[in-house]
1. Of the beta bridges DSSP finds with both residues in segment 2-215, what % are antiparallel, to the nearest 5?
2. Using a 1.4 angstrom probe on the protein heavy atoms only, could you order Lys9, Lys68 from most to least accessible area?
3. Place a +1 charge on the Cβ of each Lys and Arg in segment 225-274 and a -1 charge on the Cβ of each Asp and Glu, then give the dipole magnitude about the Cα centre in debye, rounded to the nearest 20.
4. Kindly provide the helix-only [θ] at 222 nm of the chain, computed as the sum of -39,500 (n - 2.57) over DSSP H runs of four or more divided by all residues, to the nearest 500 deg cm²/dmol?
5. Give the whole-number value, in cubic angstrom per residue, of the convex hull volume spanned by the C-alpha atoms of the chain.
6. Dimensions of segment 94-240 along principal axes (Cα, Å, largest first)?
7. Given labels modelled 7 Å from the Cα in the Cβ direction, how far is it in nm from Ala273 to Glu3?
8. Nearest 0.05, what FRET efficiency do Thr243 and Glu116 give at R0 = 41 Å with Cβ-Cβ as r?
Amino acid sequence: MLEITGLVKVYPGPVAALQGIDLDVPPGMFGLLGPNGAGKSTLMRVLAGLLEPTSGRVTLDGIDVLDKPDWLRERLGYLPQDFGFYAHLSGRDMLLHLLRLKGVQAPGGLNGLADELLERVNLTFAAKRPVKSYSGGMRQRLGIAQAIAGDPRLLIVDEPTAGLDPEERLRFYHLLAQLAEQRLVLLSTHIVEDVAVLCPRFAVIRGGRLLARTTPRAAREAVAGLIFEGVVSPGELPELRATRQVTQELLVEGRHLVRLYEPSGAAPMGFQAVTPTLEDAYLVLMRAGALPGLETSAAAEVRP
Ligand code: ADP
């Protein structure tokens, strides 16, 4: 269990990037969802021991990790948002370099470990190719290979699916899901689908504060019966945007499909109730700052 209490980070400026985060993260996959600038990377970097918080406490299995960076390092794998590679090196040499930098020890030697890790992330076929020839997904898999060296208890991955094409993303989802079977994986993302696909539990962060800690099902149920969909003409859009809580505007086969949130539950003329998606729930949360049906559980988790 990872326990975060009263975490505050103020950058010079001052920029209050984290304004008092309280969060318990159980083993398995946990999502941290939020828009750009929400404070996700700051939180990930603090948890990875790379950035000193202004105040607050973080424990892993009861041990204060801010006090014991070396203890944490032995139990942590981290894939940062901007993972630097030496493009001219082969994937295998790059991985070996990273393993040495990390100070990883392997009973059978680092070469054997590198081969094993490449196999785990499905990169054996490209081990000898220069990293510059790798696709985005292959680079991320190489990043995961270094992160899981030493079999860390806690794996932190910061926006790992941004920029991957759909097929690469799917492959990466499978890899992450597998890794979360034996450890705690904290996945930061601004992509709602990442959470819908991977995370039995997640938290939403905005402006350095947690807005909710919930499950995809509870989030969807919170807006059940309150999401409506209708086809409108382009001319109707400005008024709808001004008078209704529009959550999504989609173009489907050239028609303007609008999804909106109506807290009264009364269908607007020409609209009909639809089953909410996690995207709907997230967009309502972003607009309103809270999910109505989650008041009791979410309010207990959200600290002012
Ligand atoms: P996210 O990862 O959710 O996009 P970040 O943690 O990167 O959010 O940023 C949170 C806030 O902190 C933003 O307002 C950002 O501009 C600011 N910020 C991030 N890094 C620094 C820094 N090194 N110095 C000053 N402000 C920063």
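The values are calculated or read from the model by the stated rules, or taken from the named source; none is laboratory data. Everything quoted here is computed from the prediction, not taken from an experiment. Note: ideal-geometry Cβ built from the backbone for every residue, glycine included; neighbour counts use all protein chains shown. With ligands, DNA and RNA removed, areas are computed over all heavy atoms of the protein, side chains included. Shrake-Rupley method; radii C 1.70, N 1.55, O 1.52, S 1.80 Å.
1. On the way: 21 of 40 bridges.
Antiparallel: roughly 50 percent of the beta bridges in segment 2-215.
2. Values: Lys9 30, Lys68 105 Å².
The ordering from most to least exposed comes out as Lys68, Lys9.
3. 60 debye
4. -9500 deg cm²/dmol
5. Looking at the chain, the number lands at 157 Å³ per residue.
6. In descending order, the Cα extents are 65, 31, 25 Å.
7. If labels sit at Ala273 and Glu3, their model points lie 4.2 nm apart.
8. Values: r = 59 Å, r/R0 = 1.45.
Efficiency computed from Cβ-Cβ geometry: 0.10.
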